[in-house]
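The values are calculated or read from the model by the stated rules, or taken from the named source; none is laboratory data. Remember, predicted model here, so these are calculated numbers, not experimental data. Note that we place each Cβ from the backbone using ideal geometry, even for glycine, and neighbour counts take in every protein chain shown. Each accessible area value is taken on the protein alone, full model and side chains, heavy atoms only, with ligands, DNA and RNA left out. Shrake-Rupley method; radii C 1.70, N 1.55, O 1.52, S 1.80 Å.
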Amino acid sequence: MRILNILLLALHIAVPVGLSAQPVVTGSFQFGGLTREYRLYIPAIYSPGTAVPLVFNLHGYGSNNQQQELYGDFRAIADTANFIIAHANGTLDAGGNRFWNTFGGSTVNDLGFITALIDSISAHYSIDADRVYSTGMSNGGFMSHDLACFRSERFAAIASVTGTMIPSRMNTCAATHPTPVMQIHGTADATVPYNGSAAMVPVEALMAHWASVNNCDPVPTITPVPDIVTTDGCTAEHHVYGNGDAGTTVELFKVLGGAHTWPGAFPIGVTNQDIDASVEIWRFFSRYRLSDLLTSVPEGEDALPFSIGPNPSDDVFHLRFDAPAERTITVVNAMGQRVQEVVSRSDALELELEVSGVYLITVREGQRVRTMRVLRS
């Protein structure tokens, strides 16, 4: 990682100041007793009042947000696709290395920090809450998987480059909706082994986990990636687990002979040049919206019929029933906390939710019950 840092620093110095007209906004705030830092890349075509997607691009262990901005670069894509990029900083461990708390052994609440950062950015910029995504390199990939498992109510899709999960995190994964996942990983990765270790889940086992979560086909369709650059020392395959719930897929770019590197970036070790990881990740992200993933919870044949609209909504949800009857309506947030409970005898009801996030609305009428997910944007 030190070699990467030196090369990134040299590249950063070589870029003339003021080369890009697009603004980079730096900021920090207090969270969990720590000062947390971030950088935002705002494309020139961004216009306040027009909601745009938000992409988190998280650095690896020992790196930082500026280096990730340069190495796993999405800026040119954001300039045309019109999305804001958040490059957040992890905190420092005892050795002075920046990290994301995805391995255990730390009390730093990075899940809470990223959630708070979404809210902070949304308070100052027009963010489409339906299109928030996370990706990252190595430890940043681990963190993106954690966000999909434990903050799924805020993310429409995630991608990981050279990251996986630790077994305990995967085994307790609590995604509240089908979650599209992309993984890009080299088979010769010596830092995060493709075949896993005692502390890291094998990549294909992680893909099988997400395919199971999403009810995708258990066996992927495998397509060789054209070997356009024959001098990069590696080739690639594209694995697609299709037909998941709510149209989700799980995708893997398996880089045969690839190292712990970001495909398409400047070479540091064996770096695949047949694909551009940033381009492939945005292609993947751009297909998904959170509201499309908020399918109703499975119900029995005698489940209670009702409708909710609009979904997502920025404040009020309208519930409509076939006829008046006494019903109990319970609203639970993504943390499992009951935030509202009302009894109604009407065939229509309005529910106002003040805080953004995913909620479960359960209606009980006699012996019949039904739960639906909604998004308060």
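The C-beta contact set for segment 91-103 (first residue buried (at least 19 other Cβ atoms within 10 Å of the Cβ) and of a type in the set (D, E, K, R), second residue at pLDDT 95 or above and not in a loop (DSSP other than H, G, I, E, B), distance under 9 angstrom, 6+ apart or interchain) comprises 98/65; 98/91; 98/92; 98/139.
Restricted to segment 172-197, and to residues there that are modelled with pLDDT under 95 and of a type outside the set (Ser, Thr, Tyr), the residue that is most open to solvent (accessible area, probe 1.4 Å) is 174. Residues that are at pLDDT 90 or above and open to solvent by 60 Å² or more (accessible area, probe 1.4 Å) do not occur anywhere in segment 356-367. So if I check each of 229, 213, 192, which one is touching a His at 6+ places or on another chain (Cβ under 9 Å) and not small (Gly, Ala, Ser)? That would be 192, the only listed residue that is touching a His at 6+ places or on another chain (Cβ under 9 Å) and not small (Gly, Ala, Ser).
Yes/no matrix, rows are residues, columns are (1) modelled with pLDDT of 90 or more; (2) of a type outside the set (Lys, Arg); (3) open to solvent by 50 Å² or more (accessible area, probe 1.4 Å); (4) farther than 17 Å from residue 373 by Cα:
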{"residue": "305", "(1), (2), (3), (4)": "no, yes, yes, no"}
{"residue": "317", "(1), (2), (3), (4)": "yes, yes, no, no"}
{"residue": "320", "(1), (2), (3), (4)": "yes, no, yes, no"}
{"residue": "324", "(1), (2), (3), (4)": "yes, yes, yes, yes"}
{"residue": "333", "(1), (2), (3), (4)": "no, yes, no, no"}
{"residue": "336", "(1), (2), (3), (4)": "no, yes, yes, no"}
{"residue": "344", "(1), (2), (3), (4)": "yes, yes, no, yes"}
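Residue count for segment 28-79 under the criterion of being open to solvent by less than 20 Å² (accessible area, probe 1.4 Å) and farther than 25 Å from residue 162 by Cβ: the result is 3. Among the residues making up segment 166-202, those that are under 14 Å from the mean Cα position of the chain (by Cα) and under 25 Å from residue 276 (Cα atoms) are 179, 180, 181, 182, 183. When segment 283-303 is limited to residues that are among the charged types (D, E, K, R) and either within 24 Å of the chain's Cα centre (by Cα) or in a strand (DSSP E or B) (or both), the one that is modelled with the lowest pLDDT turns out to be 292. Across segment 251-282, the qualifying residues are those that are among the β-branched types (Val, Ile, Thr), part of a loop (DSSP other than H, G, I, E, B) and open to solvent by less than 30 Å² (accessible area, probe 1.4 Å), and the one among them that is nearest to residue 219 (Cα to Cα) is 275.
Residue-by-condition table, conditions (1) under 18 Å from residue 85 (Cα atoms); (2) more than 14 Å from the chain's Cα centre (by Cα); (3) modelled with pLDDT of 95 or more:
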{"residue": "105", "(1), (2), (3)": "no, yes, no"}
{"residue": "109", "(1), (2), (3)": "no, yes, yes"}
{"residue": "118", "(1), (2), (3)": "yes, no, yes"}
{"residue": "136", "(1), (2), (3)": "yes, no, yes"}
{"residue": "142", "(1), (2), (3)": "no, no, yes"}
{"residue": "152", "(1), (2), (3)": "no, no, no"}
{"residue": "155", "(1), (2), (3)": "yes, no, yes"}
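Based on what the data block shows, is residue 219 surrounded by fewer than 20 Cβ atoms within 10 Å (Cβ to Cβ) and not small (Gly, Ala, Ser)? Considered against the rule, which asks whether it is surrounded by fewer than 20 Cβ atoms within 10 Å (Cβ to Cβ) and not small (Gly, Ala, Ser), residue 219 comes out as yes. May I ask you to verify whether residue 76 is out of contact with any helix residue (DSSP H, G or I) (no Cβ under 6 Å at 6 or more places or on another chain) and without any contact (Cβ under 8 Å) to a residue 24 or more places away in the chain? The answer is yes for residue 76.
Please go through segment 116-147 and give me each residue that is farther than 22 Å from residue 210 by Cα and open to solvent by 10 Å² or more (accessible area, probe 1.4 Å), ordered by number. Selection gives 116, 119, 120, 122, 123, 124, 125, 126, 127, 128, 129.
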